[in-house]
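This report refers to the structure that appears directly beneath it.
The values are calculated or read from the model by the stated rules, or taken from the named source; none is laboratory data. Predicted model, so just to flag it, every value in this text is computed and none were measured. FYI the Cβ positions are ideal-geometry reconstructions off the backbone, even for glycines, and counts take in every protein chain you see.
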Amino acid sequence: MDYDFSINGVIKEGFNTSNGVKGVFIGSMVIFLIIALLINGMLEFVFPSSNAPINGFVASFISGIFTTPIHVGIMMFGVSRARGEEFKVTDMFNYFGMVMPIVITYIVMSILIYLGFLLLIIPGIYLSVSYIFAYMLVVDKGLKTWEAMELSRKTVAKHWFKFFGLSLVIGIIILLSAIPLGVGLIWSIPMAYMVYGLLYHRLFDDEEI
């Protein structure tokens, strides 16, 4: 698959295509954060991080198992928008029926990325960027965990440094937009999801998978 994209161009398009759906993105993120805080609060009670450092890691890992299916639902908003499909806040819960493949993917990716960071950090960064489309491929294309991870990695690898640069630029935009009392997040967060939704749509919707 031959493709290319402009970091500046796709970010601009992300801002433009998020017009009209910012409320859905922000509303879903607020609900997601409330759920995540409740889950983390309960896990902190069961695994108090003050007792042992490993408890914090265990709690974070378990929290991800419960929250990742919801986050995947929000990620798919960007894909739906890129396809011209309608969606609403409650659609963030659409993928609980696929909780097992999502959780398996979460576990496998988490282990590999964690091991990658232990190996001089660079392998962890490489995998974190490479697997960016894995969840979408699992829930949207019905691929098995390893198939989705490898397809995402091989696709991203063709322009890995450009995807890395894109992630850095988006991260900086989000960080700067959070400074004035977080008001700028109303624009930056929907843009971020839209960018990857647009890229996913272009890279995988017209391919035989």
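Would region 52-62 turn up any residue that is assigned to a helix (DSSP H, G or I) and touching a residue at least 60 places away in the same chain (Cβ under 8 Å)?
no
Would you confirm, using the coordinates I've provided, whether Ile11 is aliphatic (A, V, I, L, M), surrounded by 17 or more Cβ atoms within 10 Å (Cβ to Cβ), out of contact with any His (no Cβ under 9 Å at 6 or more places or on another chain) and under 16 Å from Ile189 (Cβ atoms)?
Considered against the rule, which asks whether it is aliphatic (A, V, I, L, M), surrounded by 17 or more Cβ atoms within 10 Å (Cβ to Cβ), out of contact with any His (no Cβ under 9 Å at 6 or more places or on another chain) and under 16 Å from Ile189 (Cβ atoms), Ile11 comes out as yes.
When you check Ile31 against the structure, is it surrounded by fewer than 17 Cβ atoms within 10 Å (Cβ to Cβ), of a type outside the set (D, E, K, R) and either under 28 Å from Leu112 (Cβ atoms) or touching a residue at least 60 places away in the same chain (Cβ under 8 Å) (or both), yes or no?
yes
For region 36-51, how many residues are surrounded by 15 or more Cβ atoms within 10 Å (Cβ to Cβ) and either outside any helix (DSSP H, G or I) or not polar (S, T, N, Q) (or both)?
Count: 6.
What about Gly23, is it farther than 25 Å from Leu185 by Cβ and in a helix (DSSP H, G or I)?
Answer is no for this residue.
Scan region 90-126 for residues that are of a type outside the set (D, E, K, R) and farther than 21 Å from Ile62 by Cα and report the count.
The number of residues fulfilling the criteria is 8.
Residues of region 1-59 being in contact with a Leu (Cβ under 8 Å, 6 or more places away or on another chain), modelled with pLDDT under 95 and hydroxyl-bearing (Ser, Thr, Tyr), which ones?
Within region 1-59, Tyr3 is the sole residue that qualifies.
On the basis of being in a helix (DSSP H, G or I), exposed (fewer than 15 other Cβ atoms within 10 Å of the Cβ) and in contact (Cβ under 8 Å) with a residue 12 or more places away in the chain, does Phe66 make the cut?
In short, no.
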